[in-house]
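A short write-up of the structure that comes next.
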Amino acid sequence: MITIKSKKEIEKMREASRIVALAHEEVSKAIRVGVTTKELDDIVEKVFKDNGANPSCKGYPKGSRNPFPAASCISVNDEVIHGIPSSRKLQDGDIVCVDLVCDKNGYFGDATRCYVVGNGSKVAEKLVRVAEESFYAGLKKAKPGNRISDISSAIQECVERNGFSVVREFQGHGIGTEMHEDPGVPNYGKPGRGPRLEAGMTIAVEPMINEGTYHVDELDDGWTIVTADGGLSAHYENTIVITETGAEILTKLD
Ligand code: MF3
Ligand code: CO
C-alpha cells in the first residue's frame, strides 16, 4: 500500500533526512587514504546519537538471525551495497559508497553518497559521477501524473548512454514510517508503467550502477552484495517527496 504523507509527516521525514545529510557531511570530511570503514561508521553513529536519531540499519531486520551489525552500509570498489564497516583501510583510488538510514520520532530518511579516495582512475571518477547524474535524470521525471517507471527508464537511459549497467536485483523504495515501503522504484524499465506519482508520496530513488555486468552475488556474510565480474560499482540515493509541481530532495542540508 502506498501512503500519502501529510505536511506534518513530511516535516518529520525532513528532520530525519536532515540528520542523514549532516552525517554525510561529517563522513565526507573524514574520507582519506588509511581511514578504516569502521572509523567512518563511528562518525555516523555519533552524529545520529547527538541528534536524537536512531541508526536504523543496526539490528535490521528485527528478530533476524543475522541482523546488519553497523550504523552504516559502506561498500568499496566491487561492493555494490550493504558492505559491513570493518578494519579495512581505504586506499588511493578506491570507490567508497556510504549508505545511511536513520529514524527519529517514527520517521525515516535514507541517502547514499559515493566518493573516489585520493587519485582515482578515469573510469572510477566517471562511474561515481554517472551514479549521481542518473539520480538527477530520474528526479526530473518525479512529478504528479508521471508513473514510477518514468523515473526508472530515465535512470537506465542515462547509465547505459554512458556505457555502464544498472543493477536489476535491487531497487529504490517508498519510505516513511518504515525504511522500506511501497512502491518499489526500479532503476530500469520501460516508461509509463507502475503506480502514478502523487503529491505527498515519499520515495528513496537509488541507482546502483556497474562498470561491467549488472549481475551481482552475495558474500558469505549474508549481507555484502558484489559485482559478479569483480568490476567497479557506484550508488547514489536521496529521499524525495513528490510535490504539486515536481519533487523535493529531503536528504540535504538547508
Ligand atoms: N539504505 C538501504 C536501503 O535502501 C538499507 C540498508 S540495509 C540494512 O535499502 F540492513 F542495512 F538496513
Ligand atoms: Co534506500
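The values are calculated or read from the model by the stated rules, or taken from the named source; none is laboratory data. Only a predicted model underlies this, so the values are computations on that prediction, with no experimental measurement involved. Because the Cβ atoms are built from the backbone with ideal geometry, glycine has one as well, and the counts that use them run over all protein chains shown. These accessible areas exclude ligands, DNA and RNA; they are computed on the full protein's heavy atoms, side chains included. Shrake-Rupley method; radii C 1.70, N 1.55, O 1.52, S 1.80 Å.
Structure values in brief
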{"read-out": "Counted residues, the range 48-66 - those being without any contact (Cβ under 8 Å) to a residue 40 or more places away in the chain and either among the aromatic types (Phe, Trp, Tyr) or within 16 Å of ligand 2 (Cβ to nearest atom) (or both)", "value": "2"}
{"read-out": "Condition broken by LEU139, with the remaining ones in (1) touching a strand residue (DSSP E or B) at 6+ places or on another chain (Cβ under 8 Å); (2) without any contact (Cβ under 8 Å) to a residue 24 or more places away in the chain satisfied", "value": "(2)"}
{"read-out": "Tally, over the range 223-246, of residues that are open to solvent by 30 Å² or more (accessible area, probe 1.4 Å) and either at pLDDT below 95 or of a type outside the set (D, E, K, R) (or both)", "value": "6"}
{"read-out": "Long-range neighbours under 8 Å by Cβ, at least six apart or interchain, first residue within 20 Å of MET1 (Cβ to Cβ) and aliphatic (A, V, I, L, M) within the range 190-214, second assigned to a loop (DSSP other than H, G, I, E, B) and within 12 Å of ligand 2 (Cβ to nearest atom)", "value": "ILE203/ILE175; ALA204/ILE175"}
{"read-out": "VAL101 open to solvent by less than 50 Å² (accessible area, probe 1.4 Å) and within 16 Å of ligand 2 (Cβ to nearest atom)", "value": "yes"}
{"read-out": "Residue list for the range 146-199, restricted to those being farther than 24 Å from GLY109 by Cα and within 16 Å of ligand 2 (Cβ to nearest atom)", "value": "none"}
{"read-out": "So GLU45, is it under 29 Å from LYS8 (Cβ atoms) and touching a residue at least 12 places away in the same chain (Cβ under 8 Å)", "value": "yes"}
{"read-out": "Qualifying residue in the range 98-110 (condition: in contact with an Asp or Glu (Cβ under 6 Å, 6 or more places away or on another chain), away from ligand 1 (no atom under 16 Å from the Cβ) and at positive phi)", "value": "no"}
{"read-out": "Check on ALA70, part of a helix (DSSP H, G or I) and of a type in the set (Gly, Ala, Ser)", "value": "no"}
{"read-out": "Matching residues in the range 9-36 - criterion: being of a type in the set (Ser, Thr, Tyr) and either open to solvent by 70 Å² or more (accessible area, probe 1.4 Å) or farther than 28 Å from GLY176 by Cα (or both)", "value": "THR36"}
{"read-out": "Failed item, numbered, when PRO69 is tested on (1) open to solvent by 30 Å² or more (accessible area, probe 1.4 Å); (2) in contact (Cβ under 8 Å) with a residue 24 or more places away in the chain; (3) over 19 Å from ARG113 (Cα atoms); (4) not aromatic (Phe, Trp, Tyr)", "value": "(2)"}
